[in-house]
Amino acid sequence: MTDSAMTPPKQPMAALPGGEVTEGPMLAADGTPLKASLKRALRREKLRALLLISPLLIFILVAFVAPIADMLFRSVENQIVSETLPRTVAALEADEALPEEAPGEEVFHALYTDLVIAEEYKVHTRLGSRLNYEMTGLSSLFRGTGRDVGRFDTDIYTDQFVEAEPALEDPVNWSNWMSEEEIRDALPLTADAWDAWTTLTVEANEDDPLEEDVADFVYTALYRDLANGAAPANFPDVDVSSFETVSIRALFEDSDEDWLDPEVWQVIQTYSPAYTDGYFLNSVDMMNGPGGDAQWRPDDEQIYLKLFWRTMWMSMAITFSCILLGYPIAYLLSTLPLRSANVLMILVLLPFWTSLLVRTSAWKVLLQQQGVINDTLVWIGIVSDANRLALINNATGTIIAMTHILLPFMILPLYSVMKTIPPSYVRAAKSMGANDWTAFWRVWFPLSIPGIGAGSILAFILSIGYYITPEIVGGTEGVFISNRIAYHISSSLNWGLAAALGSILLALVLVLYWLYDRIVGIDNVKLGG
Amino acid sequence: MAQGSSTDAFVEFERVQKSYDGENLVVKDLNLSLPKGEFLTMLGPSGSGKTTCLMMLAGFETATHGEIRLDGKSINNIPPHKRGIGMVFQNYALFPHMTVGENLAFPLEVRKMGRSEREQKIARALDMVQMGDFKNRRPTQLSGGQQQRIALARALVFEPELVLMDEPLGALDKQLRESLQFEITELAHRLGITVVYVTHDQTEALTMSDRVAVFDDGRIQQLAPPDELYEKPQNSFVAQFIGENNTLEGVVEKIEGGFALVRLDGGEVIDALPVNVQEVGQRTRVSIRPERVESNLERLHPEAHTLPAVVQEFIYMGDTFRTRLKVAGRDDFIMKTRNAPDQPRLKPGQEIRIGWLAEDCRALDA
Ligand SMILES: Nc1ncnc2c1ncn2[C@@H]1O[C@H](COP(=O)(O)OP(=O)(O)OP(=O)(O)O)[C@@H](O)[C@H]1O
Ligand SMILES: [Mg+2]
């Protein structure tokens, strides 16, 4: 880089008033170096170009990139456990009872606090459904105990505290104490519970905490703090050693004995981190076993690998039958005179103009056991009435209907590539002595491969993510992974799993695309021209 | 190889007609025969049916009527790949997915030729067009002229006796065209192949061919060697189409002693050679080449008829002078004179008289 671009832009007196250039860098008419003004002009041009594409860019960012990013994020995101049960998660870390048995009183106390708060916010059921994906029964466990937790017998602490020290009944006093750093430090559980309670009262109940009765769980926390030996100054001195106590663990057991099942706690522990590989493991029929090791799910729960595999092979079968059916049509189209080709093209495009649902439903009518095709076959005598073919609600149905729907996506790129193959190539081949077949196979066909490539990518990628048609004609044997994704999005509401399945599908497509590029070469794909 | 002498017709069109749509004849009654080893060029305006003729010969179009014979045998029902005719296309038609070597191997492979023989022939054909080093290139990596050479080599590599070329040089620039013209004729003569060549370009036709067939409106207007075509056009289309030409219109007044007297529409009388006129009173169009127009009347026969002319424009062209004259009511009459010391340099507005030898002025169809 020794040229004049590196010299400072302002060169005094390099240009004479008449615009004549003396020496030094080339100058534009106004005296600035030519390179600089060129760069400025280009920058303006680039800016203009950016401005022109910005609406599309924004649209793509909002409608495409963002949802994909969100999906990728959702597939690993798992903050619900640590957000809903923060105290429990923290306490579980210190607990050593797992995996042999359910954790001790500490953890249950934390769970009690968390659950009371979650119940007030009505979020415990959401957590229940989330954990239910990992272990069935957890949803009802959380819902049931959520109902009970407000009526736990922890009010005995409240009563005893108020009896021992009436000042403890007044929230105003509480408020004063809890604003003192020393007291807060000495009574961590209580401070935490108090904070949670005041926030809760304001946010969830829209009340003034100073006019409400302090909740039982605050007194329970206070009891635990004091029982742990805390003795803060400037705080009522209450001797708790003579208090009547209640085991919170036992209260939970009373509510539902599943709480003492170590497996339940293992699930909570496994899914307490903010990010999880659980959805992905689930997507490939695995799960986090005890101790956090990935392991296969029981045979009767394995479905996704099978579905992925089925989606792949059926998409390939569909793509292949599209090539088989589309190639001759495209060939004919490209050799016909323009006018007849246009008429035929309309026939090819016709499916585009009819509703997808109508078309798919039409296949239902045609392919049924009592449908047109079976009736015709029986009438001709190819199949007997007793052995009518099962053409729908299975893989066959999906392949037939999908081939029909995706055929135009194969024909159009094929046609537009074939259209560009000059007839003189085949003529040249024939003039050199090649018969029709050789001329086709050695010359025409290789030149049409980019069209096959483009059509295959289109058809394959479209079919891999297709949803409506398999749903309608696929029965159970002919549905794709996308139907499962749709199910998780709209019925089971397990969006994390849906996102993980979607991410895997996306990755699969990318891998296949990469493979395709390695094998066929992506520059061998032409959509036309 | 072939039986019979070389004067026997090698390619023959007999009363061949062709219609694409069943309404218009694109080729009307084509009769043509050419001996082995001849370089024949089809020349004509766009749409005159040249390509159609070539395609019928190659077998890609079928004649609606008539017979085409190759080496004495009718080939009407022989499919193109069995005709053994080499072909060079205007867009070269090199297979883009094959290398140059594979392109050349193609006709040999379909003939099931052994590998070593194939390699030998390919090397020879490539050397022939001076492209020996390009065997492993793809056609897209070659320039237009190089592609054209490869197309030529490919059409020749399987040693056909007849090669058809449809405007093979149409896409090249003038200089390249001229050098390739020379190479093609030289090769054709050296290999002794028969060539049917189609072009728009009359210079190309005149310089390359043994004979030229001038096409118009689906018919051969004249089939003759280049010099005869230029000097003795048989009708006014050919006279107009080939080279530069002055035309005057009039009526035959007298035919006598092999010469005719034509009274022009303006009343003047000139001498002409009756070519397409038979009787007195017939309308005719006379054609005179610019270089045959004479302003120095002393060089003419003393009794020759002359015409008054007014100089419109004088163009100095180095070796020649080009003078545009107003003659017999037309101001596009061109006279071309050699730049010689005794040749006057005329001024616009100057009035002169011009004339010509009667045999240089051809009275053609109107
Ligand atoms: N496949 C076709 N179908 C219908 N008409 C055709 C077809 N090919 C050529 N024609 C018509 O036949 C006539 C002769 O065409 P042809 O291609 O033989 O002309 P040409 O002499 O080769 O012209 P050019 O110098 O432009 O190549 C034209 O009027 C053309 O429109
Ligand atoms: Mg042509």
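Bear in mind these aren't lab numbers, they're just calculated from the coordinates by the rules spelled out. Worth saying up front: this structure is predicted, and the values here are computed from it rather than measured. Glycine also receives a Cβ, built like all others from the backbone with ideal geometry; neighbour counts cover every protein chain displayed.
Observations
- With a Förster radius of 25 Å applied to the C-beta separation of A:LYS46 and B:ASN91, the computed FRET efficiency comes to 0.05.
- Relative to the current alpha-carbon distance between A:ASN176 and A:ALA507, full extension at 0.36 nm per residue lengthens the span by 113.4 nm.
- In this Cβ point-charge picture (+1 for Lys and Arg, -1 for Asp and Glu), the protein assembly as shown has a dipole of about 9200 debye about its Cα centre.
- Trypsin sites (Lys or Arg not before Pro) lying in DSSP loop within segment B:53-138, provided at most 10 other Cβ fall within 10 Å: B:LYS112
- Going from the residue with the fewest nearby Cβ atoms within 10 Å to the one with the most, A:VAL107, B:VAL212, B:VAL129 rank B:VAL129, A:VAL107, B:VAL212.
- Exposure proxy shown here: for B:THR247, A:THR398, the number of other Cβ atoms within 10 Å sets the order, fewest to most, as B:THR247, A:THR398.
- Taking the Cα centre of segment A:304-524 as origin and assigning +1 to Lys and Arg Cβ atoms and -1 to Asp and Glu Cβ atoms, the resulting dipole is close to 300 debye.
- Residue-wise HN-Hα coupling along segment A:149-164, computed from phi with Karplus coefficients 6.51, -1.76, 1.60 (Hz; x: Gly, Pro): 5, x, 9, 4, 7, 6, 5, 5, 5, 4, 4, 5, 4, 5, 5, 5
- Between A:LEU377 and B:LYS174, the distance separating the two model label sites (each 7 Å from Cα on the Cα→Cβ line) works out to 7.3 nm.
- Residue-wise HN-Hα couplings along segment B:116-121, as the Karplus relation 6.51 cos²θ - 1.76 cosθ + 1.60 with θ = phi - 60° gives them from phi, are 5, 5, 4, 4, 4, 5 Hz; Gly and Pro carry x.
- Toward the positive end of the charge dipole of the protein assembly as shown, with +1 on the Cβ of Lys and Arg and -1 on the Cβ of Asp and Glu, the farthest Cα among A:PRO408, B:LEU180, A:SER361 is that of B:LEU180.
- For segment B:200-330, the relative contact order works out to 16 percent when only alpha carbon pairs closer than 8 Å and six or more residues apart are counted.
- Only lysines eight or more places from B:LYS347 in sequence, or on another chain, were considered; those with a Cα closer than 28 Å are B:LYS326, B:LYS336.
- Summary of the geometry: segment A:36-76 and segment A:146-170, compared by the centres of their Cα atoms, lie 59 Å apart.
- Exposure proxy ranking, count of Cβ atoms within 10 Å, fewest first, for A:TYR487, A:TYR279: A:TYR487, A:TYR279
- Between A:ARG518 and A:GLU212, the distance separating the two model label sites (each 7 Å from Cα on the Cα→Cβ line) works out to 6.1 nm.
- Separation of the A:GLU253 and B:HIS200 label points, Cα + 7 Å toward Cβ, nm: 10.2
- Reachable lysines, given that their alpha-carbon falls under 19 Å from the alpha-carbon of B:LYS135 and they are not under 8 places away in the same chain: B:LYS121
- Farthest toward positive dipole pole in segment A:149-190 [+1 Lys/Arg, -1 Asp/Glu at C-beta], among A:TRP177, A:GLN160, A:GLY150: A:GLY150
- Exposed GluC sites (Glu not before Pro) absent: longest stretch of chain B, with sites in DSSP loops and at most 14 other Cβ within 10 Å deemed exposed: B:24-243
- Part-to-part distance (alpha-carbon centres) for segment B:285-319 and segment B:103-124, which is given in Å: 59
- Relative contact order computed over chain A (Cα-Cα under 8 Å; 6+ residues apart), in percent: 15
- Simple point charges give the picture: +1 on the Cβ of Lys and Arg, -1 on the Cβ of Asp and Glu, and for chain B a dipole about the Cα centre of about 1140 debye.
- Modelled FRET efficiency - R0 56 Å, A:ASP293 with A:ALA390, Cβ distances, 0.05 increments: 0.85
- Euclidean distance between Cα centres, segment B:1-70 to segment A:360-417, Å: 52
- Normalised by the number of residues in chain B, the mean separation of alpha-carbon contacts (under 8 Å, six or more apart) gives a relative contact order of 15 percent.
- Note on B:GLN343 and B:ARG292: the extension gain reaches 16.9 nm, defined as 0.36 nm multiplied by sequence separation minus the Cα-Cα distance.
- Residue (of A:MET432, A:TRP444, A:PHE480) at the positive-pole extreme of segment A:415-489, dipole from beta-carbon charges: A:MET432
- FRET E, pair B:TYR20, A:TYR121, Förster distance 60 Å, beta-carbon r, rounded to 0.05: 0.15
- Net lengthening on full extension, B:LYS73/B:VAL251 (0.36 nm per residue, minus Cα-Cα): 59.3 nm
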